[in-house]
Amino acid sequence: MKVLVIGSGGREHAVIKALKKSPKVEKIYALPGNGGIAADAECYPVKATDIDGIAAFAKNHTIDFAVVTPDDPLVLGCVDQLEELGIPCFGPRANAAIIEGSKVFSKNLMKKYGIPTAESETFTNAEDAIAYLKKGSFPAVIKADGLALGKGVIIAQNFDEAEAGVREIMCDKVFGASGNRILVEEFLTGPEVSVLSFTDGKTVVPMVSSMDHKRALDGDLGLNTGGMGTVAPNPYYTEEIAKQCMETIFLPTMHAMNAEGRTFQGCLYFGLMLTPKGPKVIEYNCRFGDPETQVVLPLLESDLLEIMQAVRNGTLSETEVRFGKGAACCVVLASEGYPKHYESGFEISLPNVCEHEYIYIAGAKDADGKLLTSGGRVLGAAAAADTLQQAVSNAYALANRIHFENAYMRKDIGKRALAAMK
Ligand code: AMP
Ligand code: GLY
């Protein structure tokens, strides 16, 4: 089969490497992919948001199956358009991708169907939000309604920070139209867990749980980033909590989307907080997480293409989804200065990898056969092993064999998870 993968990050590289293991896959195209992904897929410079361009490419290349991975093409209706051309896809249609595309939508859904989440109020006007915050307690959480490259959340420690945040989002429009509406949300506490799941609208099959490390600096300090590293499984996510999440969150969400006429088929990502009052939803994503995918897929033992086809065809309950018993860790190598200003264009030297080691390229381009850095998050060094301790140690050993001039990584990925296991 000829498979098309939309996107250009480390997550897409992990999806492509997993798909390559399927005996059914003859060829993989990536739009646009990147200089590193080019080692595993044929890349063409069509942007992930150019839906007409993607549709034309898929038709011209007689694609048999398409995997739409990033949030923006999903929200823009890429799956709808490809399916209309008769190309089966993995990924939700636009009317279901809204679960990530609008935080107001997802909050209202959770309220309507009694799915546990933080209390919140919605505002369409900055002055009303500021007046409300003046009477509220802190920290308070302010969220832009729409997509904001994972940066639309402000945790305000006091009223001044809250007011500044509201003005940035609603008046200065730092996230564009995404800030036309905001949510002001109760601040929750507890360990965070990412649970990616496959769902065809009839069954939800959670993947192995994971833990992201979103802050730039060791000790969870510094600015929020797209994610500096991950481990799987997440030790806080016990079997008992998993059962509770299935009953109170996963199945109710699937049924709620069906009841709204927005059946979700694809990867539904549950961003959870394990609060003293039980697990609550922090956010939904309509796609695989990045860099969660880089630790989840190395542990998948079943055929990813078969699972994706089953999700598309509504036959997930008949399909095997098996994860290994081990653990995985991914350490992100970023350009020094990320998520603010950084330089790029440095040559990356990559080592040979052994079994259970993976290098997932996110921000690199090919220049006459040399791989040069071209983004904030450059790549992920991932390893799977029998224990989390070993996976962390192997991922760092791999990361230390990779070189480019201004490479930066956190030194404590997995530390909190290992401490929690003791
Ligand atoms: P999000 O972009 O929705 O993933 O939010 C980014 C981060 O903000 C999350 O990973 C949490 O650490 C934090 N966060 C979001 N909502 C809340 C909340 N209601 N209470 C506490 N922290 C939150
Ligand atoms: N790692 C968080 C996300 O993909 O949104």
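The values are calculated or read from the model by the stated rules, or taken from the named source; none is laboratory data. On a predicted model such as this, the values are computed, not experimentally measured, just so you know. Cβ coordinates were reconstructed from backbone atoms using ideal geometry, including for glycine residues, and neighbour counts include every protein chain displayed. The area values use the complete protein model at the heavy-atom level, side chains included, leaving out ligands, DNA and RNA. Shrake-Rupley method; radii C 1.70, N 1.55, O 1.52, S 1.80 Å.
Structure summary
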item	result
Translational D in µm²/s for segment 308-418 (Stokes-Einstein at 10 °C, 1.306 mPa s, Kirkwood Rh from C-alpha pairs)	102 µm²/s
Cα pair distances exceeding 20 angstrom across segment 2-130, given as percent	51 percent
Cross-link pairs 103/415; 280/325; 112/280 - those with Cα-Cα distance over 21 Å	103/415; 280/325
Label point distance in nm, residue 368-residue 217, each placed 7 Å from Cα along Cα→Cβ	4.0 nm
Distance between segment 54-77 and segment 277-337 - C-alpha centres, whole angstrom	20 Å
Listed residue pairs exceeding 32 Å between alpha carbons, taken from 243/422; 151/277; 340/422	340/422
Rounded if a/c under 1.5, otherwise prolate or oblate - the chain, Cα gyration tensor axes	rounded
113, 396, reordered so the largest accessible area comes first (probe 1.4 Å)	113, 396
For segment 181-282, convex hull of alpha carbons as volume per residue, Å³	135 Å³
DSSP-defined beta bridges in the chain - what % are antiparallel, rounded to 5	80 percent
Shape call, segment 250-310: gyration tensor on alpha carbons, a/c limit 1.5	oblate
Aspartates and glutamates whose Cα lies under 15 Å from that of residue 135, excluding same-chain neighbours fewer than 8 positions away	121, 127, 160, 161, 163, 185, 186
Within straight-line cross-link reach of residue 365, aspartates and glutamates at Cα separation under 17 Å, skipping those fewer than 8 residues along the same chain	12, 40, 42, 343, 347, 405
Values of log10 I(q)/I(0), in the order q = 0.17, 0.22, 0.26 Å⁻¹, for segment 1-64 under a Debye, Cα-only, solvent-free model	-0.50, -0.84, -1.12
Given charges at Cβ of Lys, Arg, Asp, Glu: the chain dipole, positive-most of 34, 371, 197	197
With every protein chain in place, segment 282-422: carbon and sulfur % of accessible area (1.4 Å)	45 percent
Share of alpha-carbon pairs per 5 Å distance bin for segment 168-215, given as whole %	5, 14, 12, 12, 15, 21, 16, 6, 1
For segment 63-154, the Rg and Dmax computed from alpha carbons only, in angstrom	17.0, 56
Spatially near lysine pairs across segment 1-71, Cα under 22 Å, sequence gap of 8 or more or different chains	14
